[in-house]
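The values are calculated or read from the model by the stated rules, or taken from the named source; none is laboratory data. All of these numbers come straight from a predicted model, not from anything done at the bench. In this analysis, Cβ positions are derived from the backbone assuming ideal geometry, glycine residues included, and neighbour counts consider all displayed protein chains. What goes into the accessible areas is simple: the full protein's heavy atoms, side chains included, and nothing from ligands, DNA or RNA. Shrake-Rupley method; radii C 1.70, N 1.55, O 1.52, S 1.80 Å.
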Amino acid sequence: VNLKRPCPFWADDGHCSIKDCHVEPCPESKIPVGIKAGSSNKYSKAANNSKELEDCEQANKLGAVNSTLSNQSKEAFIDWARYDDSQDHFCELDDERSPDAQYVDLLLNPERYTGYKGPSAWRVWNSIYEENCFKPRSVYRPLNPLAPSRGGDDGESFYTWLEGLCLEKRVFYKLISGLHASINLHLCANYLLEETWGKPRWGPNVKEFTRRFDPAETKGEGPRRLKNLYFLYLIELRALSKVAPYFERAVVDLYTGNGHEDAESKALLLDIFRDTKSFHMHFDEKSMFAGDKKGAKSLKEEFRLHFKNISRIMDCVGCDKCRLWGKLQTQGLGTALKILFSEKEIQSLPENSPSKGFQLTRQEIVALVNAFGRLSTSIKELQNFKVLLQQTR
């Protein structure tokens, strides 16, 4: 992840100075050889083995045609490749070759409440909802502290507007709302409860959960947010079941350099895919972008670019830990969308040769699985809060 990319939309208003905002990167010695060996697509042993390639290149040099390129041409090729690579992406992925990119152990940097809040945090979500969810400025989002005074409007006009949208745009809003609800749930469940003698104690904060989700305190908005969380869970669950054939091929190794761990990781991953396939799906993406071909293609591209923009907004989050988890969960959802709209390409993948027509980078794989893990955790924590609320009444 690159946590130093500048915010592309507004002047940076300062990074969070609270110690819990800090992300501790992995020391070089702890990074598995198979991960740091090659580019983001090289997750099989064969792809990481560059010795044969070097020998081949050496032999070719003996009778080679002069194929040198000017620097200008090289730069043009890089731009072309970057453009081609981005055409099926719903996310702006960090460049692993950037000197600012770092490897981060997610287990050592858990997502939790850091104290990052107020206008800076609201500005990020406001930009996502106001500028990227197909919403006209005249329609006010409920409970938005950055919106001007609305008089007697309690947000119902927003839902009247939402119901009038086409299915695809309604789905887009629900996905973003579900992601927001999930992140808020993580913060409520892993809240800094007290700090005594320099030792912090983290745990569920029922009062904070009530403030964000209780029907009375949120004017009925909380249950809608939680409904959208379940909707997002179903979407990502479906993506996992659809991408299973990609990973079931023998050519995909999840290579890190430790043969035993790699085999175990792949077996565990395939177990997850088997579980997802056994679940009855409640959402069918085939009903999306199903209108006339020209209109559907244009709408899909609009959908993709809006989501890509949201992934860029994550570089405006002032707290490093919040930025890390925001980027990861946004990329996970972007990868899920990429999978759902690539079903034909996944089904026609060759069994024993590298992928053509559909490819996942290592970043996308990590984001997909961990983002789904965060959603699963949200739903588990939601059940926990229900129990806690019954006990406190």
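Within the set Lys294/Lys327; Lys30/Lys266; Lys294/Lys344, which residue pairs have Cα atoms separated by over 23 Å? If you can, show how the numbers build up before the last one.
Details: Lys294/Lys327 32 Å; Lys30/Lys266 21 Å; Lys294/Lys344 19 Å.
Table pairs above 23 Å Cα-Cα are Lys294/Lys327.
Would you mind counting up the charge near Ala371? Only other residues with Cβ under 13 Å from its Cβ, with Lys and Arg at +1 and Asp and Glu at -1.
On the way: positive: Lys327, Lys338, Arg374; negative: Glu111, Glu236, Glu364.
Here the count lands on 0.
On a straight-distance basis, which lysines could pair with Lys199 in a cross-link, Cα separation under 23 angstrom, same-chain partners fewer than 8 positions away excluded?
Cα-Cα hits under 23 Å: Lys19, Lys117, Lys207, Lys321.
Counting only protein heavy atoms and a 1.4 Å probe, tell me what percentage of segment 247-391's accessible area is made up of carbon and sulfur. Present the calculation step by step, with values, prior to reporting the outcome.
Numbers: 3740 of 6940 Å².
After summing per-atom areas, the C and S share lands at 54 percent.
Would you work out if segment 253-332 is rounded, prolate or oblate? Take a ≥ b ≥ c from the square roots of the eigenvalues of the alpha-carbon gyration tensor; rounded if a/c is under 1.5, else prolate when a/b is larger than b/c, oblate otherwise. Display every interim value, and only then the final one.
On the way: a/c = 2.55, a/b = 1.27, b/c = 2.01.
Taking the square roots of the gyration eigenvalues as a ≥ b ≥ c, segment 253-332 is oblate.
For segment 166-320, what's the relative contact order in percent, using C-alpha pairs closer than 8 Å and at least 6 residues apart? Walk me through the intermediate numbers first.
Working: 109 pairs, mean separation 29.6, N = 155.
Reported as a whole number, the value is 19 percent.
Which value, in Å² rounded to 10, gives the accessible area of Lys19 with a 1.4 Å probe and all protein chains present?
Accessible area of Lys19: about 130 Å².
Report the full-extension gain for the segment Ser265 to Glu163: residue separation times 0.36 nm, less the Cα-Cα distance, to one decimal in nm. Walk me through the numbers on the way to the answer.
Details: separation 102, 0.36 × 102 = 36.72 nm, distance 4.30 nm.
Additional length available on full extension: 32.4 nm.
Rounded to the nearest 0.05, what FRET efficiency do Asp214 and His282 have when you use their Cβ-Cβ distance and R0 = 30 Å?
Numbers: r = 26 Å, r/R0 = 0.88.
So, using R0 = 30 Å, E works out to roughly 0.70.
Kindly sort Thr210, Thr276 by accessible area of their heavy atoms, largest first, with the probe set to 1.4 Å. Mind showing how you got there, number by number?
Working: Thr210 30, Thr276 5 Å².
Result, largest first: Thr210, Thr276.
So, R0 is 51 Å and r is the distance between the beta-carbons of Glu24 and Asp292; what FRET efficiency does that work out to, to 0.05? Provide the component values of the computation, followed by the final result.
On the way: r = 52 Å, r/R0 = 1.02.
My answer for the efficiency is 0.50.
Starting from segment 319-393, pick out the GluC sites (Glu not before Pro) whose DSSP state is loop and whose Cβ has at most 12 other Cβ atoms within 10 Å. Could the numbers behind the result be given before it?
Working: sites: Glu343, Glu345, Glu351, Glu364, Glu381; in loops: Glu351.
Filter output for segment 319-393: Glu351.
Here is the link list: Lys227/Lys338; Lys219/Lys300; Lys174/Lys308. Which ones come out longer than 26 Å on Cα distance? Show your work: numbers first, answer last.
Numbers: Lys227/Lys338 23 Å; Lys219/Lys300 33 Å; Lys174/Lys308 16 Å.
Exceeds cut-off: Lys219/Lys300.
Using the heavy atoms of the protein chains and a 1.4 angstrom probe, tell me the accessible area per residue for segment 243-375 in square angstrom. Display every interim value, and only then the final one.
Working: 6020 Å² over 133 residues.
Accessible surface, normalised per residue, equals 45 Å².
Please sort by residue number the GluC sites (Glu not before Pro) in segment 146-232 whose DSSP state is loop and whose Cβ has at most 15 other Cβ atoms within 10 Å.
On the way: sites: Glu156, Glu163, Glu168, Glu194, Glu195, Glu208, Glu217, Glu221; in loops: Glu217.
Loop-located and lightly packed - Glu217.
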